[in-house]
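The values are calculated or read from the model by the stated rules, or taken from the named source; none is laboratory data. Note that the structure is predicted; figures quoted are calculated from it, not measured. Cβ placement follows ideal geometry from the backbone for every residue including glycine, while neighbour counts extend to all protein chains displayed. Heads up: the accessible areas ignore ligands, DNA and RNA and are worked out on the full protein's heavy atoms, side chains in. Shrake-Rupley method; radii C 1.70, N 1.55, O 1.52, S 1.80 Å.
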Amino acid sequence: MPFYKRGFLYLIRKRGKSILLLLIFLFVNSMILSTNMILHATESTEAAMREKAGAKVVCEISDTTYPITDKEADTIKDLAGVTSINRMGRQSAYLTDFSPVTASTSAEPDNLKVSLLSYDDMDTDSPFADQSYRLTDGELIRPETKYSAVINAQFAEANGLQIGDTLSFESESGKTVTVKVIGEYLTGNESQQENTTLAVYRMENQIYIDTTAYVELFDGSGFYKVSAYTGQPELLDTLAESIQGVLRDKADVTTSDALYQQMKAPLTQITRVVSLMRLLTFFTGTVIVSLLLCMWMRSRQKEMAVFISMGEQKIIIFLQALLEAAAVFLIALIGSCGLGSLASGWLQDLLLSSVETSVSLQVSLQFTDIALLLGIGSGVVVIAVLLSLFVTLISVVPASVLVPLPIFFLALVR
């Protein structure tokens, strides 16, 4: 009779033992699958965080005489690992059709100017991004924004401006540019300024414009600050060195990934705990299954002795025992996949309730989780069968014929 047929008949005949082994495998597989699902979810979440956490290298000039030029900003943008940059400019200009807000009677030119600040993207790096300022109406400047401005609400009230209106600026060199108002804001500190403060320094006269309008109005003036964003926070130091090589000593280069580290901390804690659980499950499952199979194999010593005396090869005995355990394992694997799919939502709620985090963790059953379970579970089956057969065969065959078995076992472990 073929060994595979003997194996299946043995499982049917020993229903009680088969069901007990099935339950053990179901528990072990469910634990391993759960840890695989959680680890897979943390990896996916961490990858998404790298793109959204705003890890950046900040370059700020140390001398206003030497700003960061357009060419240098483009060179930084083209560096490996840089996903985007945010150029920030700061200059003053005259209003051609309106008047700045001021309580000072000074005749100085600065009392007739407004302060223009340019950004590529105000959502990611500006007083609005860190919630120092509050947008009261409209929208902020984004990378696709052209010839637009965000003005102070009190400046808008003083000049009768509304969303959609236009205003023009004139630089010292005589260049002019016209922009459309797309947003209004308040700082919360407008009333705390002294009456002697010149217009260009007043908060009401801080006007945010897009980089396109800024470059046209102040051609060649450059930028006082550039932030380079990356989706690879672990490469921040390397990127900072590359940017320092571009800017030399004209700017102070610092890295910032505080948000990423803050978001990553709870994920790291989860990963360590779950990885330890998976390792303990593997060893515990191997030990329990091995002990159970050892008890079964000892009760089959007479059966094995008969097979060996009839000339049956040792590899056939091993394959039969492996087939029996593998068949039960595969049935348990299917059952654990069903349980894992049902328990994914419960696992997600359990993790997020036990660790304080703002991270969105999506636990779900993936094909990679099943494949990993198949690999780890197969290791448990093979090791358990080898150990149980090795212990059992010692008492039914001479020691000399057992030499290949531990060698094979050691090779498998390595």
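For region 56-117, which whole percent of the accessible surface, found with a 1.4 angstrom probe, sits on carbon and sulfur atoms? Its accessible area is 47 percent carbon and sulfur atoms.
For region 145-193, the share of accessible area belonging to carbon and sulfur comes to 40 percent (1.4 Å probe, ligands and nucleic acids excluded).
When Glu108, Glu43 are compared by accessible area at a 1.4 angstrom probe, the order from most to least is Glu43, Glu108. For region 93-163, the solvent-accessible area of protein heavy atoms averages 50 Å² per residue (probe radius 1.4 Å; ligands and nucleic acids excluded).
A simple spin-label model places pseudo-atoms 7 Å from Cα toward Cβ; at Phe283 and Arg298 they are separated by 2.4 nm. Please report the antiparallel percentage of DSSP beta bridges with both residues in region 143-249, rounded to the nearest 5. Here the antiparallel bridges make up roughly 60 percent for region 143-249.
Among the lysines, which fall within straight-line cross-link reach of Lys180, defined as a Cα-Cα distance under 20 Å, with same-chain neighbours fewer than 8 residues apart omitted? Answer for Lys180, where 20 Å is the Cα cut-off: Lys113, Lys146, listed by chain and number.
Ligands, DNA and RNA aside, Ser115 has an accessible area near 20 Å² when probed at 1.4 Å.
Remark: spin-label model distance Tyr94-Ala129 equals 3.4 nm, labels positioned 7 Å along the Cα→Cβ axis. On the beta carbon distance between Ile315 and Ile19, with R0 = 41 Å, the FRET formula returns roughly 0.90. Taking amide H as placed 1.01 Å from N in the peptide plane, the amide H of Tyr147 sits under 5 Å from that of Asp210, Thr212, Ala213, each at least 5 places away or on another chain. Treating r as the C-beta distance of Thr65 and Arg142 and R0 as 30 Å, the FRET efficiency rounds to 0.45. Extension gain for Gln232-Glu170 works out to 18.2 nm (0.36 nm per residue, less the C-alpha to C-alpha distance).
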